[in-house]
Amino acid sequence: AGRLRAHAGAGRRDGRDVTADTDATTDAGTASGPSTPALSTWRVLVRLLAYARRRPAPGALVVAGLALAAFVVVISPWPIKVLVDNVLGGHPLRGWAAAAFDAFPGRHDTKELLGLTVAASVCIYVAGWLSQILSAWSGIVFGQRLTWDLASDLFDRLQQLTLASHGRRGTGDS
């Protein structure tokens, strides 16, 4: 039950195998110390969600940027559809598109429809660009604030430990 790997000692100067610290187990736990329960991905995400709830405004900006990006991706083919079907194909606009086109002042001919199609394409391109900027900026701000909160809590936890507990453990094990 507690066998070490056959190639123990390979890969390190002190004679310990790099994989022995993570793979090999003995009856008393792992090769590097007592057994501790492994955190599953879901448990880690739930613990990190508590940090995300501390910062609702940057989190909302991240969600808004993603929603805007998804909306831009969904509507981006629409001007090409209008160009092919209604400008080049000569078919009349129907439904809400016809009502929106009729709301604009002008002659309501194919040249004006072509101009509105080009303007819509430019607006969609700018909206996509802005959504990328918003997503990137808000993701960076949100990530930095979460990292700061996590580091602050870790530092507070380490400060609560006694000096004796730091002395009993090696560097990096506190």
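Readers should treat all values here as calculations from the given coordinates under stated rules, not as data from a laboratory. Keep in mind that this is a model prediction, so the values were computed, not measured. With ideal geometry, Cβ positions are generated from the backbone for all residues, glycine too; neighbour counts draw on all protein chains shown.
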Check: Which ³J(HN,Hα) values in Hz, rounded to whole numbers, follow from the phi angles of the range 108-125 under the Karplus curve 6.51 cos²θ - 1.76 cosθ + 1.60, where θ = phi - 60° and Gly and Pro get x?
Finding: 6, 10, 5, 5, 5, 5, 4, x, 5, 5, 5, 4, 5, 5, 5, 4, 5, 4
Next item on the list: Specify which residue in the list Gln160, Leu113, Ala99 is farthest towards the positive end of the charge dipole of the range 95-162, using unit charges on the beta carbon of Lys, Arg (+1) and Asp, Glu (-1), about the Cα centre.
Entry: Leu113
Check: In debye, nearest 20: dipole of the range 26-174 around its Cα centre with unit charges on the Cβ of K, R (+) and D, E (-)?
Finding: 320 debye
Notebook entry, point to check: Dipole magnitude of the range 89-151 about its Cα centre, charges +1 at Lys/Arg Cβ and -1 at Asp/Glu Cβ only, in debye to the nearest 20?
Noted result: 60 debye
Next item on the list: Give a quick list of trypsin sites (Lys or Arg not before Pro) in the range 68-174 that DSSP marks as loop, anything other than H, G, I, E or B, with at most 16 other Cβ atoms within 10 Å.
Entry: Arg94, Arg107, Arg169
